[in-house]
Amino acid sequence: MEHNIQGREILLVDDELDSVKPLIRMLEKEGCKTHYAADAAAALQVAEQEDCSLIVIDVILGRDNGFELFRQFRNRPRTAETPILFLSGVNQVDATIAGLNLGAGDFIMKPYNLREIAARIGLQLRLSDNEQLLKRRNQELSKAYEDLRVAQAAAIHAEKLAAIGRLAAGIAHEMSTPLSFIISNLKTLGSYLEQVDRAILAYHNVAAACATHGDNLVVAGQASDAIELRRRLDLDTVLQELRDLSRDCVEGAEIIAKIADDLREFSREEYEDLVEADIHVLIDKALNLVRNELGARVRIQRDYGQVPPFYCIPGRIVQLLMIVLVNAAQAIDGEGTICLKSRAVDQQLLLTLSDTGHGIDAGILPHIFEPFYTTKPAELGTGLGLSIARKIVDFHDGTLSIRSEVGQGTEVEFVFPLRRKMPETQSV
């Protein structure tokens with residue numbers, strides 16, 4: 001027998017033992033362990049007690065019915081997937097079709113050829129083995145896919161945390177400047193307020209003296225002192241500077257609030273609604289978040305066209321722009337320029353970002369979207385930035401292309417649809 005059945009257990013169910021004895025002898029000669037049952041009840045009992053690899057059932061079992069026994073086997077967990085073959089001494093096409101429709105592996109007519117039935121049994125065992133192997137492989141693939149999905153989510157989260165970590169120094173720097181002049185101005189405000197308080201006290205004394213003494217030299221002297229104090233303290237200038245300092249404090253606080261607001265938008269939850277947004281506003285948000293990375297050495301050029309709002313998840317688009325802006329800034333040695341150009345063409349938003357950096361080698365360019373691929377030092381990134389960027393673009397039904405030449409810089413082009421139906425919820 002081509003298929004090795006040695007050690008396999010096969011259950012034969014037939015109300016006539018003599019008709020299956022030759023088959024039993026042949027199977028046992030091949031090293032197979034056989035079990036015999038003359039009726040349905042005995043067959044069900046054997047199947048529960050033994051580990052049968054295959055079951056052969058005669059369609060006519062005296063008072064029992066082979067088709068009904070098949071259904072009972074399929075309804076039991078132990079035999080739900082065990083391959084089953086039918087035997088029949090009645091050559092009826094309808095019976096054959098009925099058995100196959102039930103899910104039988106084969107339907108064999110009596111009298112049968114031993115070599116033929118052995119080959120059919122071997123085939124069913126091979127099919128069963130392959131099916132079980134396929135199920136195990138599918139389970140392994142499902143587990144591997146789930147592990148990969150979890151790892152990818154963790155890696156993306158790690159990249160996001162790394163991006164936030166790199167931004168932390170810049171945010172601290174950006175906040176320190178307005179905070180410094182806020183604190184300095186507030187101290188000056190305190191000093192000026194002391195002077196104002198002295199002037200107010202002097203005017204109070206004049207008023208009190210006038211009320212008490214009337215028109216006399218004491219009142220005149222105090223009034224003269226108050227006027228001189230106002231002149232000497234330059235109270236009018238102090239009051240004007242109080243207003244200016246207050247305005248500066250408000251502006252500084254607004255800068256801090258803007259940075260914090262942009263950072264909150266960048267860190268929003270993954271599950272968000274698509275909303276209409278202005279790409280130019282999102283660009284400004286991204287520039288605000290990465291301006292410490294750009295510094296004074298990188299000049300920003302804007303070439304904006306008339307572009308209507310488009311449906312997107314604003315926080316993800318800001319994240320996308322931050323990735324390419326930081327990459328562009330890191331590619332520029334010394335001073336350089338980043339140019340942002342937007343156009344609306346054929347119901348599409350075209351956005352290009354070009355830099356005057358060192359460019360990307362032609363051998364590296366095909367790999368830049370691969371996760372964890374990077375030519376940068378470890379402290380500058382994990383190599384996930386552009387793979388995340390492509391994922392964000394794909395989610396928004398857009399395209400992302402990069403053209404670069406060593407020594408000439410790099411151009412990144414995004415294309416997004418300007419019209420897109422807004423679903424209730426989306427996930428990046």
(message) I need the calculated FRET efficiency for the pair Asp361 and Gln330, taking r as the beta carbon distance and R₀ as 22 Å, to the nearest 0.05.
(response) 0.90
(request) For the range 9-112, state the average projected area of the convex hull of the C-alpha atoms over all orientations, rounded to one decimal in nm². (result) 6.0
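Arrange the peptides 303-310, 90-97, 102-109 so that the one whose residues have, on average, the most other Cβ atoms within 10 Å appears first. Could the numbers behind the result be given before it?
Numbers: 303-310: 13.9, 90-97: 11.5, 102-109: 17.1.
Ranked from most to least packed, the peptides come out as 102-109, 303-310, 90-97.
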(message) If you filter the range 1-76 for trypsin sites (Lys or Arg not before Pro), then keep DSSP loop positions with at most 10 other Cβ within 10 Å, what is left?
(response) Arg63
(message) Among the listed pairs Lys135/Lys391; Lys285/Lys341; Lys110/Lys135; Lys33/Lys143, which have their C-alpha atoms separated by more than 27 angstrom in this model?
(response) Lys135/Lys391; Lys110/Lys135; Lys33/Lys143
(message) Multiplying the sequence separation of Gln72 and Ala153 by 0.36 nm and subtracting their Cα-Cα distance, what value in nm do you get?
(response) 24.6 nm
(request) Please give the contour-minus-distance gain from Gln306 to Val345: 0.36 nm per residue of separation, less the Cα-Cα distance, rounded to one decimal in nm. (result) 13.0 nm
(message) Run the simple label-point estimate for Ala296 and Arg231 please: 7 Å along Cα→C-beta, distance reported in nm.
(response) 4.4
(message) If I take R0 = 51 Å and measure r between the Cβ atoms of Thr399 and Leu123 in this structure, what FRET efficiency does the formula 1/(1 + (r/R0)^6) give, to the nearest 0.05?
(response) 0.50
(message) Please list, in order, the residues from the range 42-79 whose amide nitrogen is less than 19 Å from a point placed 7 Å along the Cα→Cβ vector of Ser19.
(response) 42-44, 55-71
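Which GluC sites (Glu not before Pro) from the range 1-64 combine a DSSP loop assignment with at most 11 other Cβ atoms within 10 Å? Let's see the in-between values first.
Details: sites: Glu2, Glu9, Glu16, Glu28, Glu30, Glu48, Glu50; in loops: Glu2, Glu16, Glu30, Glu50.
Passing sites in the range 1-64 are Glu2.
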(request) Obtain the nm distance between the two label points defined at Thr188 and Asn101 by a simple spin-label model: each point lies 7 Å from its Cα along the Cα-to-C-beta direction. (result) 9.5
(message) Taking amide H atoms as placed 1.01 Å from N in the peptide plane, list the residues 5 or more away in sequence, or in a different chain, whose amide H sits under 5 Å from that of Ile108.
(response) Phe86, Leu87, Ser88
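Bear in mind that the values in this text are calculations on the coordinates, not laboratory data. Since the structure is predicted, the reported quantities are computational estimates derived from the model, not experimental observations. Because the Cβ atoms are built from the backbone with ideal geometry, glycine has one as well, and the counts that use them run over all protein chains shown.
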